[in-house]
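The values are calculated or read from the model by the stated rules, or taken from the named source; none is laboratory data. Note that the coordinates shown come from a computational prediction; the quantities given were computed from them, not determined experimentally. For neighbour counting, all protein chains shown are included, and Cβ atoms are generated from backbone atoms with ideal geometry for every residue, glycine included.
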Amino acid sequence: MAESDKIEIGLKVLSRVVTLKVQPEMEPYFRKAAHLVNRRLDTFTKNYSGGEMDSWDFLITIAIEGMVESQKNQDKYKLLQQSLKTRLEDIEQRLSLG
């Protein structure tokens, strides 16, 4: 997709507005992600306010948690693909015997 086909959106995280250019079909995902980050920030702020962690620590923690979830999902997807491939090969073999 060409850069000119992208739309500009503003996402508010903490008290900052971040402007991004995204593909139109990706906008809901970015908005939902920003909403989830803000919810996690609220949780951290309520549970850990007054401690040694500040907003940047919370953001870093959320980023790491998000990447861990992404990696777990990628691993699950690879396992699912391999399982499906094995099953399809089994079905194909059974059909060729019949």
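Taken residue by residue, segment 88-96 has no member that is hydroxyl-bearing (Ser, Thr, Tyr), out of contact with any Pro (no Cβ under 7 Å at 6 or more places or on another chain) and part of a loop (DSSP other than H, G, I, E, B). For Glu8, the criteria (1) in a loop (DSSP other than H, G, I, E, B); (2) touching a Lys or Arg at 6+ places or on another chain (Cβ under 9 Å); (3) not polar (S, T, N, Q) hold in every case but one, which is (1).
The set of residues in segment 14-35 being within 19 Å of the chain's Cα centre (by Cα) and modelled with pLDDT under 95 consists of Leu14 alone. Thr19 is checked against (1) surrounded by 10 or more Cβ atoms within 10 Å (Cβ to Cβ); (2) within 22 Å of Met67 (Cα to Cα); (3) touching an Asp or Glu at 6+ places or on another chain (Cβ under 9 Å) and fails just one. What number does that condition carry? Condition (1) is where Thr19 drops out. Taking segment 48-69 on its own, how many of its residues are in a helix (DSSP H, G or I) and surrounded by 10 or more Cβ atoms within 10 Å (Cβ to Cβ)? Matching residues across segment 48-69 total 15. A search for C-beta distances below 6 Å between a residue of segment 60-86 that is within 19 Å of Tyr29 (Cβ to Cβ) and any residue that is in a helix (DSSP H, G or I), counting only pairs 6+ apart in sequence or on different chains, returns Ile62/Val37; Ile62/Arg40.
Say whether the condition of being exposed (fewer than 12 other Cβ atoms within 10 Å of the Cβ), touching an Asp or Glu at 6+ places or on another chain (Cβ under 9 Å) and not hydrophobic (A, V, I, L, M, F, W, C) is met by at least one residue in segment 81-88. Within segment 81-88, none of the residues are exposed (fewer than 12 other Cβ atoms within 10 Å of the Cβ), touching an Asp or Glu at 6+ places or on another chain (Cβ under 9 Å) and not hydrophobic (A, V, I, L, M, F, W, C).
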